[in-house]
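The structure appears right after this line, and notes come after that.
The values are calculated or read from the model by the stated rules, or taken from the named source; none is laboratory data. Just so we're clear, the structure is a prediction, and the values are computed from it rather than from any experiment. All Cβ positions, glycine included, derive from the backbone under ideal geometry; neighbour counts span all protein chains shown. The accessibility values were calculated without ligands, DNA or RNA, using every heavy atom of the protein model including side chains. Shrake-Rupley method; radii C 1.70, N 1.55, O 1.52, S 1.80 Å.
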Amino acid sequence: MHTNIVEFDATAVRASADLVAGAGPADWSRPTPCAGWTLRDLVAHMATQHYGFAAAVHGDGALSRWKLRSLGEHPITAYRESADVVLAAFAAEDVLTRRFPLPEFGDHDPFPAPLAISFHFIDYVVHSWDVATALGRTVEFAPDVLTAALEVARLVPTGQARTGPGAAFAPEVPYAGENTLDRIAALLGRNPAERIHR
């Protein structure tokens, strides 16, 4: 796993928070590339994941930590607070030596921190793309971040892992373009053509 995974993850989380901060009152009901989810649904999921991963840093594997949270009346503030929580948790000096219990990922032994953080990292690269797409915007990452994200995306299981109930990602969508972020999105079940035409 990439030695800069914590730094890369922080970059993705901050990008997602900057995008969410640009949402206006009328935007929360917009559809997103995540089937059946509005922007509010997506951001609530993203915030919940932040709290779940932050708990895992401290060895807390309770499923209750992953229960969907409401964004309340101030969704931008609620999301920023969740992002700050996970950024602080991942900034712990010895974080890469820890093991993360991730009950939402199934009945597994705790994951080594670099691998667990890579799960979070790829989620927030792709969710940044999702939020940007919903808002009719674009998001950019530095080449080294995209290279790392593409490596992680290629390791995500395919087949039934993409089609069963509660699958984290849909099956890969064919993509022949040269945009690396769009390629990552397509690998993880998003259709870049939808972004172009929104």
For the stretch 51-72, which residues satisfy the criterion of being free of Cβ contacts under 8 Å to residues at least 40 places away in the same chain, under 17 Å from Ala17 (Cα atoms) and not basic (Lys, Arg)?
Tyr51, Ala54, Ser70, Leu71, Gly72
Yes or no: the stretch 105-123 includes at least one residue that is closer than 21 Å to Gly61 by Cβ and in contact with a Gly (Cβ under 9 Å, 6 or more places away or on another chain).
yes
Scanning for something open to solvent by less than 30 Å² (accessible area, probe 1.4 Å), within 28 Å of Glu151 (Cα to Cα) and in a loop (DSSP other than H, G, I, E, B), does the stretch 45-58 turn up at least one residue?
no
Is it the case, given these coordinates, that Glu93 is within 26 Å of Asp18 (Cβ to Cβ) and out of contact with any helix residue (DSSP H, G or I) (no Cβ under 8 Å at 6 or more places or on another chain)?
no
Selection from the stretch 1-40 of residues that are free of Cβ contacts under 8 Å to residues at least 24 places away in the same chain, hydroxyl-bearing (Ser, Thr, Tyr) and touching a His at 6+ places or on another chain (Cβ under 8 Å)
none
Considering only residues of the stretch 139-158 that are outside any loop (DSSP other than H, G, I, E, B) and of a type in the set (Asp, Glu), which is farthest from the chain's Cα centre (by Cα)?
Asp144
